[in-house]
Amino acid sequence: MGEVSAGGKGERPAALAIGVPTARVAPRWWRSIAVRRFVFGYSLLTPAVLYVGLLVGVPFLFSLYLALSDASVGAPVARFVGIDNLLAAVESSTFRVALRNSLVFTLGAGIAKSILGTTLAFLLMQRFRGRKVVRALLVMPFTIPIAVSALGWKWMLDSQFSVINWALGRLHLIGAYGTDGWPVWLGQPALALASVMFVNVWRSFPFGAIVLMAGLTSVPPEVIDAAKVDGANFLQRLRQVIVPMIAPILLVGGLFDTVFTLSDISIVYLLTNGGPNGATEILPTLAYRVGIQAGALGRGAAISLFLFPLLLPAMVLLLRNLRRREW
Amino acid sequence: MARVTRREFMRFSGTVVAGASLATMLDARQAPAQIRGTTLRMLKWSHFVPAYDQWFDKFAQEWGEKNGVRVLVDHIPHLELPARYAAEFAAGAGHDLIYFVGQILTGHYYRNLVDMTDVAGRLAKKYGGWMPSATSAAQVGGTWYGIPDFFIAIPILWRKDLFDQHGLAAPDTWEKFRTAARTLKPTGHPTGIQFSHCNDANHNWRAVLYCFGAREADPSGREVLLDSKETREALRFAKALYEEGMTPEVFSWDDAADNRYLASGVACCIHDAISAYRTTEDTNPEVFRNTFVLPEAAGPGGERRNVGEPNVWAIWKFSKNVAAAKEFVEYVGDHQKEAMTASRGYNLPFLQGQYQKPMPVIGTDPKLHTLQDIGKITSFFGYPGPMSPPAQEVLTSFIIPDMFTRVARGQDIEATVGWGMGEIRRIYAKHQAG
């Protein structure tokens with residue numbers, strides 16, 4: 001008990017104020033600066049985590065559930081079937097062709113876009129009259145709705161009324177209409193696959209060029225100048241100075257493009273619908289056809305999940321590379 | 001003259017008045033009062049004949065005004081319908097009245113569709129019964145889960161002027177079709193049938209198969225019957241037809257390409273819906289004057305079997321307005337003649353009594369009047385089995401057009417049949433296991 005000091009009437013009991021030895025209150029642990037910073041940081045992060053979790057995580061887990069079940073469009077309750085759907089997909093030659101086409105489509109278009117995008121970016125970095133107009137025109141393929149541009153290409157690649165064939169015919173580079181020398185862009189297997197890849201490249205490579213330009217503008221000119229003074233030629237400057245400096249941007253751009261190309265359903269769906277004889281069938285079109293149009297949701301989901309193991313290693317490699325560069 | 005007592009007179013006149021009233025009510029079929037003040041939302045495709053959609057929307061609005069129902073009609077491209085239905089089913093909400101076109105999903109969704117046997121029964125009674133093939137589109141286990149609206153026939157359209165110039169007979173058999181193509185291709189007028197991934201390829205090559213006597217599945221829809229001598233004959237025929245009478249562009253064609261081929265004046269004959277006839281009528285009057293129509297070509301055994309594109313109404317169980325939806329579907333069934341007129345003869349009814357001659361549009365056009373009997377030779381994918389989920393998957397996977405494409409491109413027939421049967425049996429096995 002604390003000591004009470006004497007005091008006159010009306011005086012404020014001093015002991016109450018100073019005489020009672022109060023235990024020193026330690027700051028609550030959750031009010032410490034470290035914890036408060038931790039909570040504040042995570043509360044800022046929570047919306048993003050919820051967003052990714054709800055819009056990416058839940059659909060992914062749901063498609064995983066579908067792929068392991070015999071779900072169909074009209075059956076609310078599905079049975080667990082293990083990896084039956086995955087095995088059924090692998091057994092189908094249509095699926096194997098679609099898988100091969102997906103790889104060819106993604107790699108082929110990716111390489112073409114890299115070359116064209118890089119070339120275009122360097123060209124657009126040069127100073128010339130009308131550069132802004134040219135830049136605006138070049139991004140147009142990327143800004144036009146894909147359905148509109150694909151239908152435009154469908155007409156340009158038409159077997160009978162193709163403007164490309166008309167021009168090539170006028171230049172005497174192809175045979176007459178109705179002969180074997182008349183290219184049927186969307187009807188001959190190799191040409192059909194090349195055509196859908198071409199339209200994908202045409203639509204996406206300006207995006208690659210813009211990403212690359214963004215990176216190139218961040219490279220200090222004095223670094224380039226220094227490399228020039230040291231006698232580095234263009235390729236050496238590109239390989240040893242520019243690319244290492246803009247590598248994070250290139251990697252993120254490459255990752256985006258790979259994902260977009262591998263999951264691109266619109267161009268194939270609108271131009272060839274996977275034909276002729278599966279020559280342009282890719283995993284997204286096959287998954288849509290089996291899962292939605294034929295109603296076999298489980299098997300459709302299993303086909304679409306084959307994209308995941310293809311993308312995962314690429315993503316892990318790229319992200320690890322990015323992290324290493326951050327440190 | 002016998003005396004009639006007042007009691008007898010009253011009884012007789014009462015019976016007459018009551019009977020007449022009942023007959024009038026039945027004839028003018030008043031919708032039940034409970035649907036007044038409700039809303040009916042329906043989802044349809046965008047018809048190939050835009051004027052039909054305009055007519056239909058007005059027709060639906062007028063029905064709504066007459067019955068005090070607010071009617072909302074949504075049209076989307078037919079290939080997008082399956083995705084929309086999957087979404088509506090998953091959400092348990094959406095349109096009251098839906099529509100299957102080409103891809104008939106009755107077998108998938110029947111557990112979640114309203115039993116419409118009462119509507120089907122009333123329509124059958126009024127119009128002399130349904131075509132036998134109608135049940136395939138709308139029934140599961142003997143119950144009507146949908147009401148067939150109309151189907152689209154895929155006849156032969158041929159250029160009489162070109163045939164006459166070379167003394168060729170009308171292509172009423174596939175052999176004559178081939179002879180004509182072989183004769184006319186060197187003159188710059190080949191034929192063309194899609195060897196690609198499109199609806200027409202599915203219908204056209206099935207028609208060839210069925211005309212050659214091949215069958216897709218048994219009547220129960222459980223056993224695949226395509227591994228047959230007739231299938232091989234049909235494939236052999238298609239290869240010859242391609243090599244002798246077509247150009248490679250058929251491998252790239254979509255559904256509209258053969259319309260353009262005919263309208264451009266190049267084709268000597270095609271196998272397509274009368275949309276091609278209408279396109280030609282609108283764009284090339286000279287070619288149109290010489291374009292004639294035959295319901296189907298006969299196979300080597302004389303069999304003619306046209307493969308149509310079915311259109312079916314259905315109602316979700318979660319629909320908020322089943323009563324109005326049923327009333328409207330029955331009302332549409334009562335007005336098929338107007339629908340035929342609005343679609344310029346494109347829509348053909350499933351009800352046998354609606355084939356009384358002359359039929360609207362096709363009965364008055366001398367070049368189309370032969371289509372008035374096409375209902376007798378019409379079947380649908382999966383024939384003679386039902387349009388079951390596995391048959392639907394075979395259809396959407398384009399396996400049959402791909403078999404024809406492989407053979408036309410030079411693959412061995414046995415290897416092709418082996419591939420096709422492998423894919424088809426795998427699909428049937430998965431569905432039967434499920």
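For the range B:213-308, which trypsin sites (Lys or Arg not before Pro) pass both filters: DSSP loop (anything but H, G, I, E, B) and at most 14 other C-beta atoms within 10 Å?
The qualifying sites are B:ARG222.
Given a Förster distance of 25 angstrom, what is the FRET efficiency for B:SER46 paired with B:PHE318, based on the Cβ-Cβ distance and rounded to 0.05?
Plugging the Cβ-Cβ distance into 1/(1 + (r/R0)^6) gives 0.50.
Working from Cα positions, state the angle (0 to 90°, nearest 10) between the long axis of helix B:174-184 and the longest principal axis of chain B.
The angle comes out near 50 degrees.
So how many Å³ per residue does the convex hull of the Cα atoms of chain B work out to?
On the way: hull volume 76.0 nm³, N = 434.
Spread over its residues, the Cα hull of chain B gives 175 Å³ apiece.
Which of A:PHE60, A:PHE128, A:PHE260 ends up with the largest GNM mean-square fluctuation for chain A, with Cα atoms connected below 10 Å?
A:PHE128
How large, in Å, is the protein assembly as shown by the Kirkwood hydrodynamic radius built from its alpha-carbon pairs? Write down the numbers at each step before the final one.
Values: mean 1/r = 0.0329 Å⁻¹.
Result for the protein assembly as shown stands at 30.4 Å.
Could I have the simple spin-label model distance between B:GLU175 and B:THR187, label points 7 Å from Cα toward Cβ, reported in nm to one decimal?
Roughly 2.2 nm, to one decimal.
Taking the simple approach of a point 7 Å from Cα along Cα-to-Cβ for both B:ARG289 and A:LEU319, what is their distance in nm?
7.1
Quick one: length gained pulling B:THR370 to B:GLU223 fully straight, 0.36 nm per residue minus the C-alpha distance?
49.5 nm
Taking 0.36 nm per residue of separation and subtracting the Cα-Cα distance, what length does fully extending B:THR143 through B:GLU80 add?
20.0 nm
To test your reading of the geometry: what angle, between 0 and 90 degrees and rounded to tens, separates the Cα axis of helix B:199-211 from the longest principal axis of chain B?
Relative to chain B, helix B:199-211 is tipped by roughly 80 degrees.
Under a 10 Å cutoff between Cα atoms, tell me which one of B:PHE151, B:PHE350, B:PHE318 has the largest fluctuation in the Gaussian network model of chain B.
Per the Cα network of chain B with a 10 Å cutoff, B:PHE318 tops the list.
Under a Cβ-only charge scheme (Lys and Arg +1, Asp and Glu -1), can you give me the dipole magnitude of the protein assembly as shown about the Cα centre, in debye to the nearest 20?
In total the dipole reaches around 2340 debye.
Looking only at the range B:101-129, which residues have a backbone nitrogen under 18 Å from a spot 7 Å from the Cα of B:ALA90 in the C-beta direction?
Only B:108-109, B:112 pass the distance filter.
Ignoring everything except DSSP H segments at least 4 long, calculate the 222 nm mean residue ellipticity for chain B; use -39,500 (n - 2.57) per segment, divide by total residues, nearest 500.
Values: 18 runs with 198 residues, N = 434.
For chain B, the value works out to -14000 deg cm²/dmol.
Does anyone have the angle between helix B:399-408 and the longest principal axis of chain B? Alpha-carbon axes, 0 to 90°, nearest 10?
Here the helix axis deviates by roughly 20 degrees.
Nothing charged except the Cβ atoms of Lys and Arg (+1) and of Asp and Glu (-1): what's the magnitude of the dipole of the range A:82-326 about its Cα centre? Round to the nearest 20 debye.
Here the size comes out at about 660 debye.
Got a sec? Charge dipole of chain B, +1 on Cβ for Lys and Arg, -1 for Asp and Glu; which of B:GLN352, B:ALA297, B:LEU43 is way out at the positive end?
Towards the positive end, the residue furthest out is B:GLN352.
Using only C-alpha positions, report the orientation-averaged shadow area of the convex hull of the range A:82-326, nm², one decimal.
17.4
For chain B, what relative contact order do you get, as a whole percent, if you take Cα pairs closer than 8 Å and at least 6 residues apart? Don't jump to the answer; show the numbers that get you there.
Values: 761 pairs, mean separation 104.9, N = 434.
The value is 24 percent.
To the nearest 20 debye, what is the magnitude of the charge dipole of the range A:21-179 about its Cα centre, counting +1 on the Cβ of each Lys and Arg and -1 on the Cβ of each Asp and Glu?
1260
For the pair A:ARG239/B:GLU62, report the inter-label distance in nm, with labels modelled 7 Å from Cα in the Cβ direction.
Placing both labels 7 Å along Cα→Cβ, they lie 7.8 nm apart.
Exposure proxy check: B:CYS268, B:CYS198 ranked by fewest other beta carbons within 10 Å?
B:CYS198, B:CYS268
Just A:GLN160, A:GLN188, A:GLN240 to compare: in a GNM of chain A, with alpha carbon springs under 10 Å, which one fluctuates most?
Highest fluctuation among the options: A:GLN240.
Which of A:VAL73, B:ILE362, A:LEU138 sits farthest toward the positive end of the charge dipole of the protein assembly as shown, with +1 on the Cβ of Lys and Arg and -1 on the Cβ of Asp and Glu?
Going by the Cα projections, it comes out as A:LEU138.
Can you name the helices of chain A, as whole DSSP H runs, whose Cα span along the helix axis is 24 Å or more and whose Kyte-Doolittle mean is not below 1.6?
A:243-262
Tell me the relative contact order for chain A as a rounded percent, counting alpha carbon contacts under 8 Å between residues six or more apart. List each step's numbers first, then the result.
Values: 342 pairs, mean separation 81.5, N = 327.
25 percent.
With r as the distance between the Cβ atoms of A:LEU251 and A:PHE122 and R0 = 25 Å, compute the FRET efficiency 1/(1 + (r/R0)^6) and round to 0.05.
0.85
Every read-out reported here was derived from the displayed coordinates using simple, explicitly stated rules and does not represent laboratory data. The model shown is predicted, which means the values in this text are computed figures rather than measured ones. Cβ atoms come from the backbone with ideal geometry, glycine included; neighbour counts cover every protein chain shown.
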